[in-house]
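What follows is a single structure, written as structure tokens, with notes after it.
The values are calculated or read from the model by the stated rules, or taken from the named source; none is laboratory data. Computed from a predicted model, the values in this text were never measured in an experiment. When we count neighbours, we look across all protein chains shown, and the Cβ atoms used for this are built from the backbone with ideal geometry, even at glycine.
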Amino acid sequence: MEPTTAPPAEYAFDLYVTGATPNSTRAVRNIKEICEQYLPGRYALRILDLYQQPHLAQQEQIVAAPTLVRVRPLPQRRLVGDLSDRATVLVALGLPPAPPAA
Amino acid sequence: MHNPSLAGGSALPRLPKAPTGIDGLDEITEGGLPLGRPTLVCGSAGCGKTLLGIEFLVRGIQNYGEPGVLMAFEETAEELAANVASLGFDLGALQAAKMLRLDHVHVDRSEMEENGEYDLEGLFIRLGYAIDSIGAKRVVLDTIETLFAGFTNESVLRSEIRRLFRWLKDKGVTTVITAERGDGTLTRQGLEEYVSDCVILLDNRVIDQITTRRLRVVKYRGSTHGTNEYPYLITEDGISVLPVTSLKLEHTVSNEIVSSGVSGIDAMFERGGWYRGSSTLLTGTAGTAKTTLAASFALAACQRGERCLYFAFEESPAQLVRNMQSVGVDLAPYLAQGLLRIDASRPTLNGLERHLVTLHRLVSEFRPGTVVIDPISNLISVGSISEVRSMLTRLIDYLKVNGISALFTALVSGREGRQEMTEEGVSSLVDTWISVRDLEGIGERNRGLSILKARGLAHSNQVREFEVTPRGVELLDVVVGPTGIITGAGRLAQRAQALAAAEAERLALDRTDRELERKRRVLEATIANLRTEFESVEEGLRRARAAQPGAPAGDDNAADTDGNTKAAPAGQRSV
């Protein structure tokens, strides 16, 4: 979704969703908000629909939906759910509790 | 045997079933698992749940051309493939042929955090994709409860698993779900058994330090099924459940007679032995020469040039050979020649099913004409009586189908021995039953042998005494005394008595003869005496007549009569 810049972004996220289910839509909204707020210009976010690309589910070991995978920085981290609990999402993704430019 | 048409009306459709191709399981479930529905296979660790699942898939592909999907939550595809390779299942080749898809689902809580609402749609998509990509008809999920370890939100999981079962049904795939057995429940989560249409319980029970695997169909919606616990084996060819009822009695029979190895026993049968391919039971108390008789039978088979397989559960081959040499049964040359094979092991070495497998393997390898199992009663120490019975049924049937003459010895204890064997039901399985026992008399024990039954063979009804001599087993002639047959020292006493009686009779006869002789001599003496007397009277008369001149020449007859009448009153008799 986001145009990848020439140098790889500092943060890279893959969000696997299942169409437009309420959980998926909420997850998409939440992650976008977080990224924009905490990592403006430093992230790459891919939103992948498992209905469109079902082979990804096996390849990426996806069981639950929605699943957010932090691809970079390593180690990989996985978050399952609609990401509605902002504070724990930040902790899990290793982001500072307050937006840098706030 | 089964008549599953409970509905009675043949017009009603029967529940469609997917045959598993697993030995015996289709008999118990009367055709297989419910087609297009989920079946739960539950059991504790080491029961072969995964194996049953994989065999279901592999047989489905090999025998029925139905592609399958295996979704493994615990083992990776490589591990599974390696595990079942020993059974001859080549999962790699089946995958390459697009008949099988393996998907290892990795769920690890440490790598994952939950945040907010979620569902398991990812799993559905994954499974749906795998099914659609090869057009699978069969699905195995092994083991779904692993999800409970990966996710904390139990209510979501429960509803999602329910939804999964529903979804699988709608997909129309026949599914096998495996689950660990819980404490007091069939599964840990107590969920799968309610949403499955068929539940198969595998059990791995240790009784008296011996493990036996058992299988039971707990529920089967819309169908009758075998309700018992059936022992099953994990063999080189996969799982084998052989319920007794599935064995049909269809084997061909031979009319040929084989020798028992003891001429005396052969003579007790009208045809001089028992049928080839029949099974013979030899029961007896301790020390009644059961092994000797069994070895004689084995020797006779070898002497005919047949291969013989001897299972010894009590003695090592060397000990058996040595002991039998002492009674003139020399097995050593045939052992060296390869005609005889002795397989000695402790019965407790293995569970019953393992013994059966060993037996099957050796028999198929060695192709014997004769099999001796000495003794089968030792196997009872391994399992319960009903298990042993079912094992023996399968064993005897296997040997019969292959036309192998079998001899089993069995140790029975004391007086109730015969009854005991009957309860075990072994006796009804065999064709010929020979009983050897102690005939305990005054201060000694002798061995007696009798034929209790012999199907299709006329046989002697006598209890025969036999001796184990350096030349083998010899049957003695029957001696019947006033209280039945007489054995041992009694036999000798009887013989001595008979001799004495004969002697006495001879003496009595002699005495009568002598008496008669004496009487004859007395009579002769009397006659001689009378004659002398008569002659002297006659002489006297003649003289008198010569003294009277003119007297007519006497009538001889009259004179004779006179002489007699005169002599009689004289009463001169010598004693």
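Worth a mention:
- Condition check for B:GLY116: small (Gly, Ala, Ser) and modelled with pLDDT of 85 or more: no
- Residue satisfying condition, being surrounded by 10 or more Cβ atoms within 10 Å (Cβ to Cβ) and not in a helix (DSSP H, G or I), within set B:GLU524, B:GLU467, B:GLU517, B:GLU538: B:GLU467
- Count of residues meeting criterion [more than 14 Å from chain A (Cβ to nearest Cβ) and hydrophobic (A, V, I, L, M, F, W, C)] in region B:147-172: 2
- Evaluation of B:SER278 against the conditions (1) modelled with pLDDT of 85 or more; (2) more than 28 Å from B:LEU87 (Cα to Cα); (3) not assigned by TED's automatic domain parsing to the domain that holds B:ARG346 shows that the sole unmet condition is (3).
- Criterion: touching a residue at least 12 places away in the same chain (Cβ under 8 Å), at positive phi and not small (Gly, Ala, Ser) - qualifying residue of B:GLU55, B:GLU30, B:GLU75: B:GLU30
- In region B:196-213, of all residues being charged (D, E, K, R) and modelled with pLDDT of 85 or more, the one that is nearest to B:GLY24 (Cα to Cα) corresponds to B:ASP203.
- Residue list for region A:61-85, filter: of a type outside the set (Val, Ile, Thr) and more than 9 Å from every other protein chain (Cβ to nearest Cβ): A:ARG70, A:ARG72, A:PRO73, A:LEU74
- Filter pass, B:ARG455 being in contact (Cβ under 8 Å) with a residue 24 or more places away in the chain, of a type outside the set (Phe, Trp, Tyr) and surrounded by fewer than 19 Cβ atoms within 10 Å (Cβ to Cβ): yes
- Number of the condition not met by B:ILE200 [criteria: (1) surrounded by fewer than 16 Cβ atoms within 10 Å (Cβ to Cβ); (2) among the β-branched types (Val, Ile, Thr); (3) under 15 Å from B:GLY48 (Cα atoms)]: (1)
- Looking only at region B:470-514, residues that are part of a strand (DSSP E or B) and of a type in the set (D, E, K, R) come to 1 in all.
- None of A:LEU95, A:LEU90 is within 12 Å of chain B (Cβ to nearest Cβ) and in contact (Cβ under 8 Å) with a residue 12 or more places away in the chain except A:LEU90.
- When B:LEU15 is tested against (1) surrounded by 12 or more Cβ atoms within 10 Å (Cβ to Cβ); (2) part of a helix (DSSP H, G or I), exactly one condition is not met: (2).
- B:GLN337 over 30 Å from B:ARG214 (Cβ atoms) and modelled with pLDDT under 90: yes
- Residues located in region A:44-60, provided they are more than 14 Å from chain B (Cβ to nearest Cβ) and either under 25 Å from B:ILE144 (Cβ atoms) or surrounded by fewer than 20 Cβ atoms within 10 Å (Cβ to Cβ) (or both): A:ARG46, A:ILE47
- Selection from region B:166-184 of residues that are part of a helix (DSSP H, G or I) and crowded, with 22+ Cβ neighbours inside 10 Å: B:LEU168
- Per the conditions (1) farther than 26 Å from B:GLY150 by Cβ; (2) within 13 Å of chain B (Cβ to nearest Cβ), the sole criterion not satisfied by A:PRO8 is (2).
- Scope region B:162-212; condition free of Cβ contacts under 8 Å to residues at least 40 places away in the same chain and not charged (D, E, K, R); matching residues: B:GLY182, B:GLY184, B:THR185, B:GLY190, B:LEU191, B:TYR194, B:VAL206
- Scope region B:123-144; condition facing chain A (nearest Cβ under 9 Å) and β-branched (Val, Ile, Thr); matching residues: B:ILE125
- Qualifying residues in region B:42-66 (those that are aliphatic (A, V, I, L, M) and within 35 Å of the chain's Cα centre (by Cα)) - the one modelled with the lowest pLDDT: B:ALA45
- A:ILE31 more than 8 Å from chain B (Cβ to nearest Cβ), crowded, with 20+ Cβ neighbours inside 10 Å, under 26 Å from B:GLY128 (Cβ atoms) and not charged (D, E, K, R): yes
- Some residue of region B:27-41 being in the same structural domain as B:ASP132 (by TED's automatic domain parsing) and in a helix (DSSP H, G or I): yes
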